[in-house]
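As structure tokens, the structure follows; a few thoughts come after it.
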Amino acid sequence: MKTLVIGLDCGSPEVAFSHPHMPNLRRLMAQGCFGRLESIVPPITVPAWMCMATSQDPGSLGVYGFRNRTGFSYDRLGIVTSASIHAKPIWDYLGDAGKRSVIVGVPPSFPPQAIRGATVGCFLTPDTRTDVFTAPASVGDGIRSLVGEYPVDVKNFRTDDKDWLARQIDEMTTKHFAVVRELLVNEPWDYFQFVEIGLDRIQHGFWKHHDPEHRQHVPSSPYGDVILEYYARLDREIGQVLALLDEETIVLVVSDHGAQRLDGGFCVNEWLCREGLLALRDRPDTPTPFSPANVDWSRTRVWSEGGYYARVFFNVAGREPDGTIPPDEYEDFTLSMIARFEALEDDLGRNMGTRVFRPRQAYRHVRNVAPDLIVHFGDLFWRSIGGVGYRDLHVQENDTGPDDCNHAQFGMFVLSAPGLALRGEVPDMHLLDIAPTLLELNGISTPAVMQGRSLLAREVRL
């Protein structure tokens, strides 16, 4: 029995399950089970896909986002690579059972890791023209022969040139699926997983044109149907992939998180400055990127890294070089900061609905250097802006370029498998349940280290 996992980065259940022109997805839904899929905290591409593959939470992996502190100094941030993941993914368990896998674009997969089978690098690959982006390298040679330059991403997808962006995503997606079909046919495999990043990019680029509830919605926009058309295009691509499979193949369509409108950005470090918790040597009067070199650490208690969510760090005495929070005050200070974040209001004076997570409570283990708090402003309807020098705490512009949507806590899954008794919508499915489910479908018991549970082990009323 073979297993195919079709990964749609940022796939939204609200869009996919209501879309009128996705017949191939509908067929899979009718043949099996489907539902919303709760993602990790925070719901972000890295590490979500590897949390899914290993059935371990971010704290257990020691990876809390694309960039992580590599020590307790103030300026040491490291970019995640494939070498950052030390837990065993599903394809290695299958490899132990003699099965071969083909893994395409599953983040983080650069540099490509040797497995029992073949790997193709993800969007973190610097340059496929010059870098070895597959293992074995000969697979990359075949990809270049097939499609020429292989685009792992649209590098500048945060742009106001929407025509260019749509073309780039279309060309990238065409090449991705051409490669997937080629590998499905010509590379031996028992387990095949690929991730299409184009859906994430198109939603970040066009959500305000798609969603009438978006604050910056553009009625009658020429780009109003771009997102729906891309979902329909993905369904056609999925149909071509399914045509290459036999009836005994397990098929899973899955996303790492969902998508939702972005109401704006909250300037977290600017707010910390105004609250007297973050002291700068030189206070800029125009928006300026946050720089640890400009911080007076002797008078600072808290700082944050921006992004779709906020990673908040405390300046703890004996831990950070110039720590100001006594260790015996850490707990009280933590509770005070949680209360402050939860009390934040939006630009209309309403409580923002911010959610705050403590890693030691959110995760089974906390490895490497975790944030002291993880903050979802406005339950992720607001993103975190890390810069300082802003006049207002609530802004509509993004400090990294135009961006229309944020990640949502719930993604989606559709599972079709021979002999699968489960039918219809399944509630309470979690990202960490995916690997145990697929292993059990392949006749392998869930390893003790995995934190999820197999969907097949549930008592579900049919």
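Meeting the requirement of 2 or more residues that are among the small types (Gly, Ala, Ser) and closer than 28 Å to LEU242 by Cβ, the strands (runs of 3 or more DSSP E) wholly within segment 377-456 are 410-416.
Go through the residues of segment 231-239 one by one and say whether even a single one is in contact (Cβ under 8 Å) with a residue 60 or more places away in the chain, crowded, with 22+ Cβ neighbours inside 10 Å, closer than 26 Å to ILE44 by Cβ and not aromatic (Phe, Trp, Tyr). Within segment 231-239, one or more residues are in contact (Cβ under 8 Å) with a residue 60 or more places away in the chain, crowded, with 22+ Cβ neighbours inside 10 Å, closer than 26 Å to ILE44 by Cβ and not aromatic (Phe, Trp, Tyr).
Report, by residue number, each residue of segment 383-400 that is of a type in the set (A, V, I, L, M, F, W, C) and under 24 Å from the mean Cα position of the chain (by Cα). Across segment 383-400, the qualifying residues are ILE385, VAL395. VAL388 satisfies every condition listed in (1) out of contact with any Leu (no Cβ under 8 Å at 6 or more places or on another chain); (2) of a type in the set (Val, Ile, Thr); (3) closer than 30 Å to SER336 by Cβ except (1).
Could you tell me whether segment 337-344 includes any residue that is part of a strand (DSSP E or B), out of contact with any helix residue (DSSP H, G or I) (no Cβ under 9 Å at 6 or more places or on another chain), surrounded by 14 or more Cβ atoms within 10 Å (Cβ to Cβ) and not hydrophobic (A, V, I, L, M, F, W, C)? Checked against the condition, which is being part of a strand (DSSP E or B), out of contact with any helix residue (DSSP H, G or I) (no Cβ under 9 Å at 6 or more places or on another chain), surrounded by 14 or more Cβ atoms within 10 Å (Cβ to Cβ) and not hydrophobic (A, V, I, L, M, F, W, C), segment 337-344 yields no hits at all.
Would you pick out the residues in segment 150-179 that are surrounded by 15 or more Cβ atoms within 10 Å (Cβ to Cβ), within 20 Å of ASP131 (Cα to Cα) and under 21 Å from the mean Cα position of the chain (by Cα)? Within segment 150-179, PRO151, VAL152, ASP153, VAL154, MET172, HIS176 meet the criteria.
I'm trying to understand the selection: among the residues of segment 252-271, which are crowded, with 22+ Cβ neighbours inside 10 Å and among the hydrophobic types (A, V, I, L, M, F, W, C)? Matches in segment 252-271: VAL253, VAL254, ALA259, LEU262, PHE266, CYS267, VAL268. Filtering ARG319, ARG311, ARG299, ARG281 for residues that are over 29 Å from ASN406 (Cα atoms), touching an Asp or Glu at 6+ places or on another chain (Cβ under 7 Å) and not aliphatic (A, V, I, L, M) leaves a single hit, ARG281. Among the residues examined, SER298 does not qualify as modelled with pLDDT of 95 or more and in contact with a strand residue (DSSP E or B) (Cβ under 6 Å, 6 or more places away or on another chain).
Among the numbered conditions (1) crowded, with 20+ Cβ neighbours inside 10 Å; (2) part of a helix (DSSP H, G or I), the only one that LEU278 does not meet is (2). The residues of segment 203-244 that are of a type in the set (S, T, N, Q) and part of a loop (DSSP other than H, G, I, E, B), listed by number, are GLN216, SER220, SER221. When you check ASP163 against the structure, is it out of contact with any Asp or Glu (no Cβ under 9 Å at 6 or more places or on another chain), assigned to a loop (DSSP other than H, G, I, E, B) and either at pLDDT 95 or above or over 30 Å from VAL218 (Cβ atoms) (or both), yes or no? Taking the combined requirement at face value, the residue does not satisfy it.
Looking only at residues in segment 180-197 that are in contact (Cβ under 8 Å) with a residue 60 or more places away in the chain and assigned to a helix (DSSP H, G or I), the one that is nearest to the chain's Cα centre (by Cα) is VAL180. Summed over segment 39-77, residues that are free of Cβ contacts under 8 Å to residues at least 24 places away in the same chain and crowded, with 24+ Cβ neighbours inside 10 Å total 0.
The values are calculated or read from the model by the stated rules, or taken from the named source; none is laboratory data. The model shown is predicted, which means the values in this text are computed figures rather than measured ones. Note that we place each Cβ from the backbone using ideal geometry, even for glycine, and neighbour counts take in every protein chain shown.
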